[in-house]
Structure formats: C-alpha cells, structure tokens
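In what follows, a structure is listed as structure tokens, so that the remarks can point back to it.
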Amino acid sequence: MKIFVCLKQVPDTEAKIKFKPDGSGLDPSGIKWVMNPYDEFAVEEAIKFRELNPGSQIFVISVGPKERVVESIRTALAMGADEGLLVIGPDNLDAYSTAKALAEAIKKESGAQVIFTGKLSIDTNQASVSQMLGEFLNIPHATVVSKFQSSGDSANVERDIEGGAKEKIQLKTPCVIAANKGLNLPRYASLPGIMKAKKKIIKEYDLAALGVSDLDRKVSYVQFTLPAEKPPVKLLQGDSSAQVSELIHLLRDEAKAL
C-alpha cells in the first residue's frame, strides 16, 4: 500500500516578513522556512496509518524551489516517512497549478491508497489545494478532518464544521484527507531519524515533465503590501460617566459610527 503526504514549506510564524522593492513577492532574505504546521498532522497520521498496515510505504511530496523545499521533505523523512518526491517549481505557484502538479506526480507513482494533506497552509490561507487535488485525481476528499479510521476499501472520518459541531462521513479509498489540528500529536524527529533521513531517496520531477506550465495558472500575484499601521489607542480618563460621554463623542465625531 502506498500512502502519500503532500506538504508545503512556509515562513516561520515568528519571521519578520518583508517584500521585494517592487512588491512582487516576499523578500526571502532572513526568513526561516519550516514545514507547514497543519502538514505535520498529515505526516503523523500517515505514520500511524502505516503502523496499522505493515508493509505500507509513505511518500512525502512537495512543490517548490529545490534549494530550500528539500529541507522540509527531509524533516518529514526524519519523522518516519520512507521516500520523498520533489516537484521543482517556482515559489509563487497558485493553488490550481500546485494541485495539478501534485496530482500528476502522484499518478506517475501510482497505487495511492490514502493521500494526506494539511487543511491549509498558514502563508496563503486559501484552504483549496486538497479539494482540487481530489478533483484532479477523481477521488473522494474530506477536509478539516479531526479523526480518521480506515478499513478495507473505505475510510471513516470526523470533520469539524461550523458552530463547534462534528460531521461524520465515509469515503471510498483511494481518497484525500486534509488534516486539522487535533487529529493527533505530531512526533519530533529523533537524532537517529535525522541521520537516516540523509540517506533516504528524494525523487525529482520537473513541472514541464508533469504537463504543468504557466498557462495553467488561474491566479497571478500582482502586488504585495503590508497592512496600514493601526492608529494609537486612546485611553479614556475620568469616572465612568465622563468616559461614556467621551466615548460617544469619539464615536460620533471622529469614527462617524453614530
């Protein structure tokens, strides 16, 4: 059985983000890149699934610049994945092109039983690649998954929906499962795992070889800007009566909210 995990490398949440002078994208200098946190849940769930299915293999796949994305693939291999797949491409692919590239690479490897992803990447926050991937592969998919069980040719999942409610669904395998926080507790890569990861295979694909080109792009990024700085906070002085009067004045005359 082949288990696939799709992951993305993203800026660390504590990184100070800067844009290129022309506003065309992120300035990569000084940014620490890490595996997307939701994808860590996907890797862990794949490892747990393999433990229940001896003889299975986990293939980790990512799309992006070779010089840095391979680092996150190695992290997943150190956690326990078996092999890595790298689709070499630019760092500004849109969700559609990314999903198409992942799907074509998975088709070439063939034999996928379950494909795990994170529910979204914390940089673009679009939460759309997993659904597109399922459509490109013409297989069932479920996202925001907080519980997963599989038996035979079906998978039972529990997913989080609005209002704190849960939804239980059954999917035929092969299928795409997009992990949410709470699905599991991702393990840390051990020192032996890190050493073994250095020797594990990472196969490479080019976008062109997968039939993906810039013509497939549905979204082009035109301009990146930081949000405007927020005005300083005003502290209201005096007793409660004075504060209420001042608040009404500010809402009516400055904020124009009344």
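What follows is calculated from the coordinates using simple rules that are stated; it is not laboratory data. As the structure is a computational prediction, the values presented were derived from the model and not from experiment. So basically every Cβ, Gly included, is an ideal-geometry build from the backbone, and we count neighbours across all protein chains shown.
If you wrap region 158-258 in the convex hull of its Cα atoms and look at it from every side, the mean projected area works out to 16.9 nm².
Could you name the lysines in cross-link range of Lys230, using Cα to Cα under 29 Å and dropping any fewer than eight places away on the same chain? Of all the lysines, those that pass the test against Lys230 - Cα under 29 Å, at least 8 places apart if same chain - are Lys16, Lys18, Lys20, Lys32, Lys256. Note on Ala15 and Ser240: the model spin-label points, each 7 Å out from Cα along the C-beta direction, lie 4.9 nm apart.
Once backbone amide H atoms are built at 1.01 Å from N, Thr173 has Ser154, Ala155 as its partners under 5 Å, excluding neighbours fewer than 5 places away on the same chain. Here, the chain yields an orientationally averaged convex hull projection of 19.1 nm² when only Cα atoms define the hull. The long axis of helix 240-249 is offset from the longest Cα principal axis of the chain by roughly 80 degrees. About its Cα centre, the chain has a charge dipole of approximately 640 debye under the convention of +1 per Lys or Arg Cβ and -1 per Asp or Glu Cβ, with nothing else charged.
So which residue, out of Gln237, Gln223, Gln126, gets the largest mean-square fluctuation from a GNM of the chain using Cα contacts under 10 Å as springs? Answer for the Gaussian network model of the chain: Gln237. Restriction of the chymotrypsin sites (Phe, Trp or Tyr not before Pro) in region 1-102 to DSSP coil positions whose beta-carbon has at most 11 other beta-carbons within 10 angstrom yields no sites. Cβ crowding within 10 Å, taken as a proxy for footprinting-reagent exposure, orders Glu71, Glu229 from fewest neighbours to most as Glu229, Glu71. Annotation: the residues Met195, Met35, sorted from fewest to most other C-beta atoms within 10 Å of their own C-beta, follow the order Met195, Met35.
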